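Novice: Have a look at this one.
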Amino acid sequence: MAQQKKGPVFAIFFCQQLDARQDINRRCLEKEFGSHIRFFPIPCSGRIEPLHLLKAIESGADMAYLLTCGEGDCRYGEGNIRAKKRVNYAQGLIEEIGLERKRIVLISKKIDAPVSIDILVREAIAGNDMLPIQWNGHNLQVDD
Amino acid sequence: MPGRYHIHTKVVPNRFPAITRSGVIAWEEGCLKCARCVKKDCVYKVYEKRGLDTRQMLDSLDSMCKDCFRCVQNCPNRLIHKGINPVYRALGDSYWTPEIISSLWFQAETGRIPVSGGGYGGPFSGKGFDAMWTDMSEIVRPTRDGIHGREYISTTVDIGRKLMALEFAPDGGLISQIPPLIEIPLPIMFDILPWSPPDDKIIKAFLHGARSLGTFVCIEESYLQHDMEEFLSHIILLIEGIPHHRDKGFFQMLRMVEIPDSGETKALQEWLKEINSELIVMVKLPLSAEAPERVFQLATDGVEVIHLVADEYGMEWGGNPFFIADRMKDIHLFLVEKGIRDQVTLIGGGGIAMAEHMAKLIICGADAVTIDIPLLVAMECRVCRRCKEGIPCPVELEGIDPLWGAMRITNLIGGWHNQLLEILGAVGMREVRRLRGEMGRSMFFEELEQEFFATMGNSR
Ligand code: SF4
């Protein structure tokens, strides 16, 4: 079974236009982090709803990331611009319930050459300094 | 006349929303706030019933949408789009295609034949099983009309060795020893999986499914648990050598055993037959260029059933490998030439992904087939092979309810059985036994191409 890492649980939403081989390229991370990482590919980052991000946190994620292509690169026109507004909105909502805004992170990447989702995610989570959320003193369940 | 074999199917819902071919992308920003939004006019009410599966973050919009494009066309500000879902494209691989996987899901959920309604939109011909077509020139005969015809079409096959003639003593007594024979109501048995998550519950689902369908499941001897013994009459036990820890009474309860082809094959078969002469012993032989000779040798040595296996893509082992259908043709024709084809049962497995593959392999000379991956797909497997790499299964197959799994398998096989009936009806046959090796009821692309283009001096 996959090796499990201690620490926060990451929910990674990402626009699949970023990496055509995402299903293969993300396996290294899935193996390394086990149930501490969940990937949610979406056809376009504009498809994200604040509800998706909130539900991810509600169901056990400590950090929710949304990876999008750079502004002007969206194949549906303005998907990543809309995504930005929704991330802002979701950040406001978690702040209202007492969580830190930075538990929801938007990473917008100008992509000139094919890039592996593995590299993008490692870069994204490398800068994380947030600890697992303490919900009334109880941590949500992960299979450690 | 035997009673009609019928597989009872019923809708068995998915545990996870199915991954659909396309997804709805509906922007909220820029909405003109029309008096009546096009979303309200959706005839399937997908926007009103919208929900989110939080385990996979899958939006019910996608699984409920029927691709009518009404909302896409009618939104005045063009805020609704439909795009190909890349998760769908990432299902399986070039052999186990997203189309095959989603069609298997549909059959396992509903028990129905997948009908697109839009005609066949695929390529004219392709590799593997797509390089042959069944000749459906009898499709106009109404009484033999597949599922609904008045004439009964039998899908029963015999597993075992057959005598070519009976020998009698001068006093009329029968001298010939009649070898054991098992009849199964459809030419499908379940094989050992090439990969799977921890498979306790998966195997139980196979066993329940096989029992209700009247067929068999191959299980390695070391996997056999106490609570599986109630299914012994539906198990083909794979043993590598003499299992000394099992008593003889155990082998008397079995109906079929599989042994790998090796130097010990004959001795092992004799040892088993001595304990239980009614036991059918099947020899497992990986397909390769040497297979025709080896099959001939085994058949002459008295082997009853030979299980010819290819890899999960239907390819044999060794350099310059053949596809299973081509090698099966070779073996079948070689045995016909030697005059012993009818004595032995040939079962083919590996790369059988659709009902038509089963019929095509039978046309190429197999008596029956074994399947594996389609059974997992029936239980929502995505053929991502994460389990093979030790990564958790995205659809938690290790945790299924075996009875749910068995019902899904029954539905899938029900769909395949109906498709086999349709094929048999369309080629004008009343039983699947007669389809075996009936290459006249099929066309092979390569042969046709040679035939047509040779006269133009163009041979590929
Ligand atoms: S979905 Fe993937 S991990 Fe699960 S059984 Fe199928 S191939 Fe294995």
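The values are calculated or read from the model by the stated rules, or taken from the named source; none is laboratory data. Everything numeric here is computed off the predicted structure, so don't read it as measured data. A quick note on method: Cβ atoms are made from the backbone with ideal geometry, for glycine too, and the neighbour counts reach across all protein chains shown. These area figures cover heavy atoms from the full protein model, side chains too; ligands, DNA and RNA do not enter into them. Shrake-Rupley method; radii C 1.70, N 1.55, O 1.52, S 1.80 Å.
Novice: Note down all Cβ pairs under 8 Å where the first residue falls in segment B:388-403 and is among the basic types (K, R), the second is within 8 Å of the ligand (Cβ to nearest atom), and they're at least six residues apart or on different chains.
Specialist: Partner pairs satisfying both residue conditions: B:K388/B:W195.
Novice: Could you check segment A:105-124 and list, in sequence order, the residues that are open to solvent by less than 20 Å² (accessible area, probe 1.4 Å) and away from chain B (no Cβ under 14 Å)? Before you say what the answer is, go through the steps one by one.
Specialist: Let us first name the residues in segment A:105-124 that are open to solvent by less than 20 Å² (accessible area, probe 1.4 Å), namely A:117, A:120-121, A:124.
Within segment A:105-124, A:L120, A:V121, A:A124 qualify.
Novice: So, restricting to helices (runs of 4 or more DSSP H) that lie completely within segment B:324-395, which ones have at least 3 residues that are within 24 Å of B:I113 (Cα to Cα)?
Specialist: B:355-363, B:373-378
Novice: Just checking, which of B:S196, B:S212 is among the polar types (S, T, N, Q), away from the ligand (no atom under 16 Å from the Cβ) and under 22 Å from the mean Cα position of the chain (by Cα)?
Specialist: Sole residue among the options that is among the polar types (S, T, N, Q), away from the ligand (no atom under 16 Å from the Cβ) and under 22 Å from the mean Cα position of the chain (by Cα): B:S212.
Novice: What single numbered condition from (1) touching a Lys or Arg at 6+ places or on another chain (Cβ under 8 Å); (2) open to solvent by 10 Å² or more (accessible area, probe 1.4 Å); (3) facing another protein chain (nearest Cβ under 10 Å); (4) of a type outside the set (D, E, K, R) fails to hold for A:C28?
Specialist: Only one criterion is unmet by A:C28, namely (1).
Novice: Quick check, is B:A325 touching a residue at least 40 places away in the same chain (Cβ under 8 Å) and in the same structural domain as B:I413 (by TED's automatic domain parsing)? Working first, answer last.
Specialist: On the way: touching a residue at least 40 places away in the same chain (Cβ under 8 Å): yes; in the same structural domain as B:I413 (by TED's automatic domain parsing): yes.
Criteria met by B:A325.
Novice: Could I ask something else about it? When you check A:Q91 against the structure, is it within 12 Å of chain B (Cβ to nearest Cβ) and without any contact (Cβ under 8 Å) to a residue 60 or more places away in the chain, yes or no?
Specialist: no
Novice: Being without any contact (Cβ under 8 Å) to a residue 24 or more places away in the chain and over 28 Å from the mean Cα position of the chain (by Cα) is the filter; apply it to segment B:67-99 and report the residue that is surrounded by the most Cβ atoms within 10 Å (Cβ to Cβ).
Specialist: Here the residue is B:V72.
Novice: If we scan segment B:373-383, do we find a residue that is open to solvent by 10 Å² or more (accessible area, probe 1.4 Å) and more than 9 Å from the ligand (Cβ to nearest atom)?
Specialist: no
Novice: Return a yes/no flag: does segment B:386-402 have any residue that is at pLDDT 95 or above, over 16 Å from the mean Cα position of the chain (by Cα) and either away from the ligand (no atom under 14 Å from the Cβ) or not assigned by TED's automatic domain parsing to the domain that holds B:I306 (or both).
Specialist: Yes: segment B:386-402 contains one or more residues that are at pLDDT 95 or above, over 16 Å from the mean Cα position of the chain (by Cα) and either away from the ligand (no atom under 14 Å from the Cβ) or not assigned by TED's automatic domain parsing to the domain that holds B:I306 (or both).
Novice: Give just the number: which of (1) within 19 Å of B:I324 (Cβ to Cβ); (2) more than 14 Å from chain A (Cβ to nearest Cβ); (3) within 16 Å of the ligand (Cβ to nearest atom) does B:I423 not satisfy?
Specialist: Unmet condition: (3).
Novice: Follow-up question, since we're still on this one. Spot the failing condition for B:D67; the list is (1) at pLDDT 80 or above; (2) within 30 Å of B:Q419 (Cα to Cα); (3) part of a helix (DSSP H, G or I), and only one is missed.
Specialist: Every listed condition holds for B:D67 apart from (3).
Novice: Another one. Name the single residue that is farthest from the other protein chains (Cβ to nearest Cβ) among those in segment A:75-88 being farther than 15 Å from B:P86 by Cα and open to solvent by 10 Å² or more (accessible area, probe 1.4 Å).
Specialist: Result: A:N88.
Novice: Could you go through segment A:6-15 and let me know if any residue there is within 11 Å of chain B (Cβ to nearest Cβ) and surrounded by fewer than 23 Cβ atoms within 10 Å (Cβ to Cβ).
Specialist: No, there is no match, as no residue in segment A:6-15 is within 11 Å of chain B (Cβ to nearest Cβ) and surrounded by fewer than 23 Cβ atoms within 10 Å (Cβ to Cβ).
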